[in-house]
Each structure stands twice: as structure tokens, then as C-alpha cells.
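Report on the structure given below.
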Amino acid sequence: MASVVHHQVEVHAPYGGVVPELASRDHARAVSQVVDAALERAGVGPRGLGGVAVTAGPGLLGSLLVGLCFAKAFAYRFGLPLVGVHHLSGHLASAEIADPALRAPYLGLVVSGGHTALYRIEDEAAPRLLGETRDDAVGEAFDKVAKLLGLPYPGGPALAALAEEGDETAIDFPRPMAGRPGYEFSYSGLKTAVALEVEARSPLRDGERADIAASFQAAATDVLVAKSQRALGDEGLDQLAVVGGVAANARLRERLVDAAAREGFRAVFPPLALCTDNAAMIASAGYAGLARGERAELSLGAFARAPLG
């Protein structure tokens, strides 16, 4: 009914990345206004709600605690049930918002600044982790490579835009673990390969920067496509939900859509507005939790790390 997002790009841009203390302070300043705006846009009063869903983790504890404190106070004030949501459950729910026909079982590919993982999503059972990154997440690799190329924050979108001007076959960067069995990922070695290439070519000309960006993007996304296709076949699934901030990457979408048409599976992506963190996906996951009878106590705490399921 309403989705209101408060962005922090201007807060963090001078530092080239998220500063946790500044993030939590800005959340504290903005949270009540964002909630008021969402209720007004939806045309619903607090007592007309069925419950309150809140991200309990994983994530930056300071920011999570701001949301938790507000959600608990709001639920207590208006006598509403409270439910805690795992951040990755929210991302997966964003695909179900985008395509109501998406039904378990399906394969979930979670790709963001903090996560790169494949899950088998079941109806009644908890999601089953098939494989995840051994080191860096793909979104973090995009941001670090963007920094190497002197691109502004946020780095991922800036790198993708620059890559459109380059030749992705110009540099044969490694596809880490693409040929290995299983579903694990690794991006630290690819970052190192890019760093060495930048150092060897410095100072970079504009055309070289674009070629490096395009070649890196191709290497990073090719691994995601290869591992997803393998998991679909091994698990006997024909639906793939791609969620998280990197799900907005046009090159990844194009490669997976082509693979889906060729291999006969269905690829589902959230709309761009629901790829990055947002409250609508948490509300959707929380709605499902409330329907299952889940309730959280006011003692609900935040967690920085925890596996999905």
C-alpha cells in the first residue's frame, strides 16, 4: 500500500562507504518521519494495522537497534503484535512481491554487499543453504573495484554504468570457483586481479577504466550464472529468484534471462526499487510470519550475524 525509503547516500558519500555510527544516527533522526509518511500514503492509521514487522538482523547493530526500539515502542503503544524478520527472508520476499506466481520450491540467489549465497526455498521447511561465499560478497567486490577505478559512492551502480562503455572481453579476469563442484563463491582473488591490472596500467585512460569495469563485471556475474544453473539442475528446480542489491545489475539480469530461455527455467527479479533494502519486503515476510502465528516478545534483540533458517 505504501513504500517509503530514506536514502543515506549523501551521509556516506564523503567517506566512500557506510560509516556505522553515522548510519544509526541518521536512522534515529528519520525513522518516525518515514513511518508517518508511509501511513499517510497508505491512508491507514496505526490502529488499522495488523502488526509490526522489524528487521532483527543480520546487519549493523546500531542501525538495527534503532529500528527495533522504534518498532517495539510502536507495537506496545498501539497494542499490535510484533514479529522479527531475518534480513534475507525479506529479500526473498521481494521476489514473491514481484511475481505472486512464484511458489516454493525454488532456488534463491541472494546477492548484495554483505551476502552471496544460494538457498533452496521450501514451503514448510526452513530455507536450506546450498553454498555461499568463502570470503567477500559480490556487492562488496563491486564497491571495492569501483574505488580502485576512482568511481563515486555508491560504487556498484557507478561501476555498472561505466561498464556499459567498455569491452567485457578486453581483459580475461578469472572466474573464481566457477568450474569447481558445489555452490561456494569467492571474490577476494578477483578483486586482487583487478587491483594488479589497475596498478600495471596506471595512470588509466578513460577507455581502459571502462574496459576494466566491463571485464570485472562479466567475470563476477558469470560465476553467479554458472553456479545458479548448476544448482537448478542438481536440485531439480525450474524457478530462480534473484534478490538483493546486485539483482539490479543489468548485465546479470540479461545473462540469467538468456540462460532461462535457453535452459527452460524461470528467472524472477524484484523491481529495481525492491532490490536494495526497503521496508516493503520486511513487511511482506513479516505478514507471512504473523499468518503462521509467529510473535516476538518486547525483549527481541538484534543480531549481527545469523544463518537464514
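Tabulated results
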quantity	calculated
Matching entry among 94, 63 (being out of contact with any Leu (no Cβ under 6 Å at 6 or more places or on another chain), surrounded by 15 or more Cβ atoms within 10 Å (Cβ to Cβ) and modelled with pLDDT of 95 or more)	63
Test for residue 262: is it surrounded by fewer than 20 Cβ atoms within 10 Å (Cβ to Cβ), basic (Lys, Arg) and over 21 Å from residue 35 (Cβ atoms)	yes
Residue 153 of a type in the set (Ser, Thr, Tyr), in contact with a Lys or Arg (Cβ under 8 Å, 6 or more places away or on another chain), in the same structural domain as residue 220 (by TED's automatic domain parsing) and not in a helix (DSSP H, G or I)	no
Residue pairs meeting the criteria (Cβ under 9 Å; at least 6 apart or on separate chains; first in contact (Cβ under 8 Å) with a residue 40 or more places away in the chain, in the stretch 28-43; second polar (S, T, N, Q))	38/3; 41/3
Listing of helices (runs of 4 or more DSSP H) fully contained in the stretch 200-309 that carry 3 or more residues being within 22 Å of residue 89 (Cβ to Cβ)	206-235, 279-291
Failed condition for residue 297, given (1) of a type outside the set (Gly, Ala, Ser); (2) closer than 22 Å to residue 236 by Cβ; (3) modelled with pLDDT of 95 or more	(2)
Helices (runs of 4 or more DSSP H) within the stretch 1-85 that include 2 or more residues acidic (Asp, Glu)	20-42
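The values are calculated or read from the model by the stated rules, or taken from the named source; none is laboratory data. Just so you know, these numbers come straight off a predicted model, no measurement behind them. All Cβ positions, even for glycine, are placed from backbone atoms using ideal geometry, and neighbour counts span all protein chains on display.
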